[in-house]
Amino acid sequence: MSTPMAPSFGPRGTPHCFQNVGDTPGRLLVISTPSGLERFFEQFAELLPGQVDRDGLADVGHANWIEFVGPPLAVSDPIWPVRRLVPTAGKP
């Protein structure tokens with residue numbers, strides 16, 4: 001889990017995810033090397049506006065060497081398992 005304005009690093013090939021759990025729109029800045037990831041975002045944007053199905057997203061991903069693994073994130077409290085497993089000072 002990250003805090004606002006905190007950087008995160010994911011080595012190539014590492015499965016990862018993100019979810020905005022706030023009440024306001026979130027923003028994510030992605031910096032990737034070597035270049036090429038921007039093609040994924042450009043092609044994904046062409047599918048919008050509207051609902052994008054999993055197959056459409058997977059097709060754009062595969063065309064850009066991205067594989068979606070695991071189930072999609074649920075709209076939930078994703079930090080609950082972290083709260084349960086990682087003790088925090090002075091908090092239950």
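Taken over region 5-29, the criterion of being exposed (fewer than 10 other Cβ atoms within 10 Å of the Cβ) and among the β-branched types (Val, Ile, Thr) is satisfied by THR14, THR24. Restricting the search to helices (runs of 4 or more DSSP H) fully inside the chain and requiring at least 3 residues that are modelled with pLDDT of 70 or more and at negative phi gives 37-46, 54-63. Of all residue pairs spaced 6 or more apart or on separate chains, those with beta-carbon atoms under 6 Å, a first member in region 45-70 that is of a type in the set (A, V, I, L, M, F, W, C) and a second member that is exposed (fewer than 10 other Cβ atoms within 10 Å of the Cβ) are VAL69/PRO15. If a residue must be more than 21 Å from PRO4 (Cβ to Cβ) and of a type outside the set (S, T, N, Q), how many such residues does region 19-42 contain? The number of residues fulfilling the criteria is 8. A search for C-beta distances below 8 Å between a residue of region 2-24 that is under 20 Å from VAL69 (Cβ atoms) and any residue that is assigned to a loop (DSSP other than H, G, I, E, B) and aliphatic (A, V, I, L, M), counting only pairs 6+ apart in sequence or on different chains, returns PRO15/VAL69; CYS17/LEU73; PHE18/LEU28; GLN19/LEU73.
The values are calculated or read from the model by the stated rules, or taken from the named source; none is laboratory data. Since the structure is predicted, the reported quantities are computational estimates derived from the model, not experimental observations. Cβ atoms come from the backbone with ideal geometry, glycine included; neighbour counts cover every protein chain shown.
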